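Presented below is the structure to which this report refers.
Nothing in this text is a laboratory measurement; each read-out follows from the coordinates by a stated rule. Remember, it's a predicted structure, so these values are computed and weren't measured experimentally. Cβ coordinates were reconstructed from backbone atoms using ideal geometry, including for glycine residues, and neighbour counts include every protein chain displayed.
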Amino acid sequence: MADRAPGPELLGTRLRHLLELLDGDVAAVYADLGLPGFRPRYTPVLVALAGVGPTSIKTLAETTGVTHSAASQTVARMAKDGLVTLAPGADARQRIVHLTDRARELLPVLDAEYAATSAAARRFEAELPYPLSRLVDEALAALRRRSMRQRIADVAPDLVPPAERSP
């Protein structure tokens, strides 16, 4: 049994491990650049803000391909780290994210790192039999069509409350 590779039942665990490897090495590059503690998830937000200017968390979520909740959490952490500020939007529920002067000073270094990471990611994908980014896109689309919870209910209906099951 120990010789057998893990199957899909450990998919979440293995994906977290993959993400740890990817993010850990990118974070190490930030430390090499004199930015210890800088999180890889910050860069897409800063690049987006540099491109479009102050914008809503909703727009940042759409631009960076994450959920509103994930974007909101990232922006909150970035505000604590002095990289962005938040201001009320036209709607009381909306918050507009602005770069700080500190973030603007980091942009040349982050632009270079982002370009290098993008090139390295393309080379990494070229080593794979199937582009990981394409596979992730397809997996996300499949889960939008039918959630993992619904899929579990399909094979084990007693594990999911009837009200949560889909037809």
In whole angstrom, how far apart do the alpha carbon centroids of segment 85-150 and segment 1-79 sit?
7
Trypsin sites (Lys or Arg not before Pro) within segment 73-163: DSSP coil, no more than 15 neighbouring Cβ in 10 Å
Arg93, Arg146
For Glu138 and Ala126, extending 7 Å from Cα along the Cα-Cβ vector and measuring point to point gives, in nm, a value of 2.2
Can you give me the distance in nm between label points at Ala70 and Ala50, each placed 7 Å from the Cα along the Cα-to-Cβ direction?
2.2
Once the Cα atoms of helix 101-126 and of the chain are each reduced to a long axis, what angle between those two axes, in degrees from 0 to 90 to the nearest 10, is obtained?
40
Can you sort Val97, Val29 by how many other beta carbons sit within 10 Å, fewest first?
Val29, Val97
For the chain, what does the helix formula give at 222 nm: sum of -39500 (n - 2.57) over DSSP H segments with n ≥ 4, over the residue count, nearest 500 deg cm²/dmol?
-20000 deg cm²/dmol
With Cα Rg over 2.2 N^0.38 Å defined as stated, name the option among (1) 1.26; (2) 1.11; (3) 1.39 computed from the structure displayed.
(1)
When Val84, Val155 are ranked with the fewest other C-beta atoms within 10 Å first, the list becomes Val155, Val84
In segment 90-156, the GluC sites (Glu not before Pro) that sit in a DSSP loop and have at most 12 other Cβ atoms within 10 Å of their own Cβ are Glu127
With a Förster distance of 22 angstrom and the Cβ-Cβ distance between Ser118 and Leu33, calculated FRET efficiency to the nearest 0.05 equals 0.85
Counting only C-alpha contacts under 8 Å and six or more residues apart, can you give the relative contact order of the chain as a whole percent?
13
